[in-house]
């Protein structure tokens, strides 16, 4: 018991506790002390969880667990994970991922990435493209690949960016969902979560492995410009990227698994704040 400590040890315990609390409040407890904050949440991506026991891939789970601790310490309102949850989209990897995210103390929403369900059709040279079978595998283990949710005064729209431009009937259904979500009037700030960044530098840039293809990008960007979307959140690049177009903040988070370029880009996650006046901020957090 605390009262059984000698005075010197007692003062030491109290000092350590006070310093720890002060540090946590200054760094992460802004919502508790700043009435101007509407919501704070964590954006993660590219966890690439797997059961490999050797090599670099064996470190990805340990990285993810460190991030879980940091996010829990941050006392956020919710957690968003922007795809590539697993390395290969195998059932055992999805089970592993669900076990890990159960350790978060806050609501968690996720979307699939190309490693989970396959690459977009325009990049078959990068590996297997998205298939209905892989999407069904994901749905069986993780739930729907597009949906919406509300938390902490924020409306969250989550989509499957791997099927944009695929021509699947599922893509047509998802477009109907997107159009309804982005055109329905709401007083809540809306954020859009997807795996692929919409663009890297400019909305009219050519398509490549790293972005959404020009045709679906133009369609989605047109909807965004008429919507109440404040932020578009993504991953896939394994490094942070921030753009602002038409008053919308486009934020790509670094990976929890490995950075690109290797050895130069640290792994981590992003702490995002939405203020009541509509402004937003994003602060990259490295894994400690």
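The values are calculated or read from the model by the stated rules, or taken from the named source; none is laboratory data. Quick caveat, the model's predicted, so the values are computed rather than measured. All Cβ positions, even for glycine, are placed from backbone atoms using ideal geometry, and neighbour counts span all protein chains on display.
Got a sec? Which of 195, 155 is part of a loop (DSSP other than H, G, I, E, B), over 18 Å from residue 245 (Cβ atoms) and either at pLDDT 95 or above or not assigned by TED's automatic domain parsing to the domain that holds residue 46 (or both)? Quick ask: steps written out before the conclusion?
Values: 155 fails: part of a loop (DSSP other than H, G, I, E, B).
Exactly one residue qualifies, and that residue is 195.
When you go through (1) over 25 Å from residue 182 (Cβ atoms); (2) part of a loop (DSSP other than H, G, I, E, B) one by one for residue 227, which number turns out not to apply?
(1)
Restricting the search to segment 63-84, which residues are in a loop (DSSP other than H, G, I, E, B) and either surrounded by 21 or more Cβ atoms within 10 Å (Cβ to Cβ) or in contact with a strand residue (DSSP E or B) (Cβ under 6 Å, 6 or more places away or on another chain) (or both)?
Keep residues of segment 63-84 that are in a loop (DSSP other than H, G, I, E, B), which gives 75-77, 83-84.
Residues satisfying the conditions are 76, 77, 83, 84.
Which condition does residue 148 not pass, out of (1) in a helix (DSSP H, G or I); (2) surrounded by fewer than 19 Cβ atoms within 10 Å (Cβ to Cβ); (3) in contact with a strand residue (DSSP E or B) (Cβ under 8 Å, 6 or more places away or on another chain), if it passes all the others?
Tallying (1) in a helix (DSSP H, G or I); (2) surrounded by fewer than 19 Cβ atoms within 10 Å (Cβ to Cβ); (3) in contact with a strand residue (DSSP E or B) (Cβ under 8 Å, 6 or more places away or on another chain), residue 148 fails exactly one: (1).
Within segment 226-251, track down each residue that is free of Cβ contacts under 8 Å to residues at least 40 places away in the same chain and surrounded by 14 or more Cβ atoms within 10 Å (Cβ to Cβ). Before you say what the answer is, go through the steps one by one.
Step one: filter segment 226-251 for residues free of Cβ contacts under 8 Å to residues at least 40 places away in the same chain, giving 239, 244, 246-249.
Correct list: 239, 248, 249.
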